[in-house]
1. Only one of these is surrounded by 11 or more Cβ atoms within 10 Å (Cβ to Cβ) and on the phi > 0 side of the Ramachandran plot: 12, 64. Name it.
2. Six or more apart or on different chains, Cβ under 6 Å: which pairs go from a residue in the stretch 32-48 that's more than 21 Å from residue 6 (Cβ to Cβ) to one that's modelled with pLDDT of 90 or more and surrounded by 14 or more Cβ atoms within 10 Å (Cβ to Cβ)? Could you list them?
């Protein structure tokens with residue numbers, strides 16, 4: 001049997017699709033979490049933020065980027081491991 005579920009969670013829409021055997025064992029599972037769906041918008045907003053604040057000190061710019069990410073209320077593991085800034089001097 002295949003079951004599909006959708007629920008509006010605090011962070012956005014959460015999708016589940018599960019394939020279950022006659023014995024009740026999960027054969028396949030697919031989960032699409034809100035943070036993954038918001039990824040494109042998060043990246044766009046970071047780009048716009050950085051372009052508008054290039055004159056800020058690096059530490060302030062990094063903190064500002066972190067605030068943009070947190071505005072999307074990602075899960076804790078995503079919020080903790082999302083940002084790695086690499087500076088390229090031109």
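The values are calculated or read from the model by the stated rules, or taken from the named source; none is laboratory data. What you see is a predicted model, and the numbers here were worked out from it, not measured in a lab. We place every Cβ from the backbone using ideal geometry, glycine too, and count neighbours over all the protein chains shown.
1. On the way: 64 fails: on the phi > 0 side of the Ramachandran plot.
The conditions single out 12.
2. 45/68; 46/65; 46/68
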